[in-house]
Each structure stands twice: as structure tokens, then as C-alpha cells.
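Data block below; observations after.
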Amino acid sequence: MQYTRLGKSGLKVSRICLGTMTYGDPGWRDWVLNEEQSRPFIQRALEAGINFFDTADMYSLGKSEEVVGRALKDFARREDVVIATKVYQPMSAGVNDRGLSRKHIMEAVHASLKRLGTDYIDLYQIHRYDPETPLEETLSALHDLVKLGMVRYIGASSTYAYQLAKSLYLADLKGWTRFVSMQNHYNLVYREEEREMIPLCIEEGIGVIPWSPLARGFLTGNRKGGEAQSTRAKSDAFAHSLYGSEADYQIAERVSEVAERLGVSASQVAIAWMLSRPGITAPIVGASKMPHLEQAIAALDVQLSAEDIASLQEPYQPRAVAGI
Ligand SMILES: NC(=O)c1ccc[n+]([C@@H]2O[C@H](COP(=O)([O-])OP(=O)(O)OC[C@H]3O[C@@H](n4cnc5c(N)ncnc54)[C@H](OP(=O)(O)O)[C@@H]3O)[C@@H](O)[C@H]2O)c1
């Protein structure tokens with residue numbers, strides 16, 4: 001395994017982060033695995049040296065945190081792993097059981113700690129920006145969590161670049177804890193983050209940990225209608241809303257072509273491309289079958305040539321902002 005610093009923080013993370021949205025309660029999304037099915041992925045990731053695990057309070061409405069917390073407790077030492085979770089998305093119909101108010105952040109962190117079965121969260125991330133809460137209220141509450149020892153670092157996910165820039169500016173002005181990472185939507189079929197967000201992160205020393213590096217499976221080349229499809233390929237409505245243009249299919253074909261030429265899988269090529277991009281700390285990969293995880297790890301050994309990269313990038317068409 002390779003390790004790197006999360007942005008300019010002192011925290012060392014593996015260059016592959018295991019996303020755990022797939023692990024929890026199949027009642028939440030029909031492509032989610034139950035606890036018994038999920039645990040071997042966490043165990044295997046640890047064996048391979050992955051120390052970085054991403055979950056969120058809303059994944060399986062808390063069950064993902066429980067499954068991840070129990071597995072990490074059983075298979076690892078707490079000091080050896082980096083647990084990342086998130087707050088913001090609705091946890092119930094309650095008007096205050098969501099968002100980034102001081103009230104919700106304080107309640108949500110307690111609930112996440114309990115479900116994870118730990119005294120502290122390594123990386124506590126805002127899942128989205130909350131336009132209904134003053135930024136000062138959110139940032140001061142997050143800073144307090146760090147001071148209380150409940151949280152070690154704070155991060156953000158899928159904001160506009162100006163919102164992250166404002167957050168960094170305000171934290172510096174007030175002497176509050178800064179975000180150390182940006183978990184954003186970035187992959188070969190969605191590269192709008194290269195305009196503003198990634199250059200901002202590079203300049204500010206913010207680690208970039210993209211979600212859905214395989215475009216929720218689209219880049220693995222098995223998402224065309226008519227083929228034998230996985231449960232997720234059929235029923236992941238969010239993926240269907242994000243990907244599927246002609247240019248997207250051309251890019252997926254290029255990924256398959258490069259993979260065939262190099263004798264590796266399409267997922268290895270898509271992840272290797274991401275690892276080669278400036279500013280990228282670690283893609284957050286999803287795995288519902290063991291070969292997915294093995295191939296994500298093996299992507300670290302794939303070296304793409306400048307010609308491969310040009311071929312993968314060439315069909316890209318600028319597109320509307322998506323996933324924020
Ligand atoms: N911050 C946010 O808003 C946000 C949003 C989304 C995700 N996330 C985070 O990012 C993580 C990853 O998201 P994701 O699951 O969408 O990531 P992804 O890596 O883009 O997609 C994972 C899916 O791709 C398919 N796949 C993976 N490896 C494969 C292989 N070698 N061959 C064939 N198919 C393969 C599988 O689909 P099948 O299961 O269909 O086989 C798998 O479920 C999540 O767990 C979560 O932690 C965060």
C-alpha cells in the first residue's frame with residue numbers, strides 16, 4: 001500500500017480509501033450488502049494496508065456506521081485506522097434532524113460516535129453546504145468538536161469552490177479549525193472540478209478524496225442496457241441521473257480499450273487515471289464484490305502513458321455541474 005498526507009495535515013492515509021455506502025442495510029437501497037456480507041471487505045481492505053474508511057450518518061440511516069465501527073473494532077487497532085464520516089443529510093423527517101446548525105451538528109456527532117463505537121472521529125465532514133445556516137455557526141460548532149476531542153480533523157464534501165474558499169477564509173480570520181479535505185464528485189466522465197475546485201485545493205493544501213471514481217460503476221463498461229446487469233446498475237437512480245450521454249459512453253469505451261491493451265481491468269485504468277491527476281490524495285472506491293476491491297488495490301501498480309491519458313480524456317465534453 002502507498003500512503004500520503006491528507007492535504008497539508010499530518011494525517012497519513014492510504015492512497016485508496018474504502019467507501020462504505022455499499023455496506024449496511026439492503027432495506028435502504030437494494031444494492032446495499034448486509035453486515036455479514038460487508039465485513040469481509042473491511043477485513044480484506046485492512047489486510048491490504050488500507051487504513052482509510054469513509055462512511056456517513058445517512059448511509060443506511062446509521063447502519064453503515066454501525067457495521068463499519070464493529071468491523072474495525074474486531075479487525076484493527078483504533079490508532080491504526082482513519083475513520084471518516086459525515087453530517088448534513090436528513091436523518092428523519094424532523095426539521096432539525098438535518099443540516100449544519102449547531103444543534104444538529106452536536107446531536108449528530110454524538111449519534112455517529114455511538115454507532116461507530118468510538119470516542120473520536122478522525123475526519124468529520126460536512127456532506128454538503130447548508131445555505132440555511134450561517135457559515136460562522138457551522139464552522140464554530142465544528143471547531144468546538146475538535147477542541148472537545150470528539151473530532152480530530154474536519155473536511156467538506158461537494159461544495160462550490162467559492163463556498164470552500166469562504167470557509168477557509170473565515171476559519172483563518174477567526175482562528176478556527178480549517179477543513180483539511182474536499183470529498184468531491186470527480187471521475188473521467190465528470191471533470192468540472194478541474195476548473196476551480198482542484199486548483200483551489202492544491203493552492204490551499206486541501207486533500208482531494210473524490211467520491212464515485214468509477215462513476216458509480218459506469219466506467220467499468222458494464223452499464224449498457226441489455227447486458228447482464230448488477231442490481232446497482234439497474235436500480236441506482238442517482239447514477240442514471242448523472243451519467244449516460246454519448247460522450248460518457250465514448251469515454252467508457254476508451255477506458256475498456258486502454259484496459260485491454262494493458263491487460264488490466266477497466267476499473268484499474270479509471271482509478272490509475274485518477275491517481276495520476278494533480279492534487280488527488282485518494283479516490284474513495286466502492287466494492288460490492290471482492291474482485292472490485294482487489295482491482296482497486298491493484299490500480300496502484302498501473303502506470304498510464306501520456307498517450308493513454310490523452311486517449312482517455314479526449315472525448316470529454318464540458319457539462320453542467322452535477323452532484324453538489
Ligand atoms: N460525499 C458524497 O456525496 C458521496 C456520494 C457518493 C459516494 N460517496 C462515497 O464514495 C464511495 C464510493 O462511491 P461509489 O460506490 O459510487 O464508487 P464507485 O467506485 O464509482 O462505484 C462502485 C461500483 O462500481 C462497480 N465496480 C467497482 N469495481 C468494479 C470492478 N472492478 N468491476 C466491475 N464493476 C466494479 C460496482 O458496481 P456493482 O455493485 O453494480 O457491481 C460498485 O458498486 C461511497 O461508498 C461513499 O463512501 C460519497
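For chymotrypsin sites (Phe, Trp or Tyr not before Pro), the sites in the stretch 155-236 that DSSP calls loop and that have at most 15 other Cβ atoms within 10 Å are Tyr160. Pairs spanning more than 32 Å between alpha-carbon atoms, out of Lys12/Lys289; Lys73/Lys224; Lys103/Lys166; Lys86/Lys289; Lys103/Lys234: Lys73/Lys224; Lys103/Lys234. Amide hydrogen proximity for Gly155: with H placed 1.01 Å from N in the peptide plane, the residues at 5 or more positions away or on another chain lying under 5 Å are Tyr124, Gln125, Ile126, Val180. Between Lys73 and Met106, the distance separating the two model label sites (each 7 Å from Cα on the Cα→Cβ line) works out to 2.6 nm. Ranking of Val67, Val146 by neighbouring Cβ atoms within 10 Å, starting from the fewest: Val146, Val67.
How high is the relative contact order of the chain? Use alpha-carbon pairs under 8 Å, at least six apart in sequence, and give a whole percent.
Numbers: 604 pairs, mean separation 57.2, N = 324.
Averaging sequence separation for qualifying contacts and normalising by length gives 18 percent for the chain.
Highest-first packing order for the peptide set 118-131, 250-263, 1-14 is 118-131, 250-263, 1-14, based on the mean count of other beta carbon atoms within 10 Å. To the nearest ten degrees, helix 161-174 and the longest principal axis of the Cα atoms of the chain are 30 degrees apart.
What net charge do the residues around Gly244 carry, taking every other residue with its C-beta under 12 Å from that of Gly244, with Lys and Arg at +1 and Asp and Glu at -1? Spell out each step's value before the answer.
Values: positive: Arg216, Arg223, Lys224, Arg319; negative: Asp236, Glu246, Asp248.
Here the charged neighbours net out to +1.
Taking the C-alpha atoms only, the angle from helix 135-148 to the longest principal axis of the chain is near 80 degrees. Between the amide H of Ile121 and those of Val151, Arg152, distances stay under 5 Å, these residues lying 5 or more places away or on another chain, with hydrogens modeled in the peptide plane.
Rounded to the nearest 500, the helix-only mean residue ellipticity at 222 nm of the chain stands at -12500 deg cm²/dmol, with each DSSP H run of n ≥ 4 adding -39,500 (n - 2.57).
Partner aspartates and glutamates whose Cα lies under 16 Å from the Cα of Lys174, excluding those fewer than 8 positions away in the same chain, are identified as Glu136, Glu137, Asp144.
Taking every pair of alpha-carbon atoms in the chain, give the share separated by more than 28 Å as a whole percent. Present the calculation step by step, with values, prior to reporting the outcome.
Values: 19337 of 52326 pairs.
Percent of Cα pairs beyond 28 Å in the chain: 37.
Between the amide H of Leu188 and any residue lying 5 or more places away or on another chain, no distance stays under 5 Å, with hydrogens modeled in the peptide plane. Placing unit charges on the Cβ atoms only, positive for Lys and Arg and negative for Asp and Glu, gives the stretch 227-307 a dipole magnitude near 260 debye about its Cα centre. Rounded to the nearest 10 degrees, what's the angle between the helix 266-276 long axis and the longest principal axis of the chain, both from Cα atoms, 0 to 90? Taking the Cα atoms of the chain, the angle to 266-276 is about 60 degrees. Calculated FRET efficiency, Ala93 to Glu137, Cβ-Cβ distance, R0 = 25 Å: about 0.65 to the nearest 0.05. Taking Cβ atoms as reference points and 9 Å as the exclusive limit, the residues near Lys63 contribute a net charge of -3, counting Lys and Arg as +1 and Asp and Glu as -1.
When the square roots of the Cα gyration tensor eigenvalues are ordered a ≥ b ≥ c, the ratio a/c for the stretch 1-153 is 1.5 or more and a/b does not exceed b/c, which makes its shape oblate.
In debye, nearest 20, what is the charge dipole magnitude of the chain about its Cα centre with +1 on Lys and Arg Cβ and -1 on Asp and Glu Cβ, if you could check?
Details: 36 positive and 40 negative charges, 109 e Å.
In total the dipole reaches around 520 debye.
Read-outs: derived from the displayed coordinates by stated rules, not from any lab. These figures come from a predicted structure and were not determined experimentally. Neighbour counts run over all protein chains shown; Cβ positions are idealised from the backbone, glycine included.
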